[in-house]
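Inspection log for the structure reproduced underneath, given as structure tokens.
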Amino acid sequence: MKRIALILALILALPVAGLAEAAPAQTSSADEFLNNLSKTWDSFVHMAEDAGQSVSDWAAESGLTEWAEGAANDIAAWADESGLTEWAQSTLSEITDLIDKSGISEWAQENAEKLQAFIDENSPAIEAWLKQADQEVSDALNMLINPEGHTQAEIRQAFETVTDSLSEAGGLADAK
């Protein structure tokens, strides 16, 4: 709505501004119109600011802001008292240690680099294969290229999906 009003105002202002350029005696009318347009726009901006401030003031006066802060503090306190926060931190730490010790990160990174090098070398053939492959194969290939956040089982399944698809594509190419 603001854009439409602004565009309409500009459409109406341009001919007036053109006339003002052509006839110096009418400059004051064009200037007055543009000044009024500017004042109108500033009024819209101030009305929006006033409305936002009124809502903020109402939330503070009605206790809504205080209630929301209290609820957030209560939830945080409950999580701390129940041991949920400590458990989540320790579990995250254990999972991170397990991933580091198992070598999944290094294996995934190493294979992602090899896969990217292979893709760089064979990009035309891979693009042709991907055009024929379905979404599941594309998702699996993306998972292999970007293994972060996926489990080893997911990565293995993605590898199998991609290799099966490549085998099928190779068999089709041989049959042709």
Which residues, taken from region 64-79, are open to solvent by 100 Å² or more (accessible area, probe 1.4 Å) and either of a type in the set (A, V, I, L, M) or more than 30 Å from the chain's Cα centre (by Cα) (or both)? Glu66, Trp67, Asp74, Ile75, Trp78
I'm checking my understanding of the structure. Among residues of region 113-144 that are at pLDDT below 80 and among the aliphatic types (A, V, I, L, M), which one is most open to solvent (accessible area, probe 1.4 Å)? Ala125
Count, please, the residues in region 150-162 that happen to be under 15 Å from Leu115 (Cα atoms) and either among the aromatic types (Phe, Trp, Tyr) or surrounded by 12 or more Cβ atoms within 10 Å (Cβ to Cβ) (or both). 5
Is there any pair linking a residue in region 136-149 that is farther than 13 Å from Gln116 by Cβ to one that is part of a helix (DSSP H, G or I) and modelled with pLDDT under 80, with Cβ under 8 Å and at least six apart or on different chains, and which? Val137/Leu130; Ser138/Leu130; Glu148/Ala108
Considering (1) modelled with pLDDT under 80; (2) open to solvent by 80 Å² or more (accessible area, probe 1.4 Å); (3) closer than 21 Å to Thr96 by Cβ, say which one Glu110 fails and leave the rest. (1)
So is Ala108 assigned to a helix (DSSP H, G or I) and touching a residue at least 40 places away in the same chain (Cβ under 8 Å) or not? yes
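The values are calculated or read from the model by the stated rules, or taken from the named source; none is laboratory data. The structure displayed is predicted, hence computed values, not measured ones. FYI the Cβ positions are ideal-geometry reconstructions off the backbone, even for glycines, and counts take in every protein chain you see. Please note that ligands, DNA and RNA were not included when accessible areas were found on the heavy atoms of the full protein model with its side chains. Shrake-Rupley method; radii C 1.70, N 1.55, O 1.52, S 1.80 Å.
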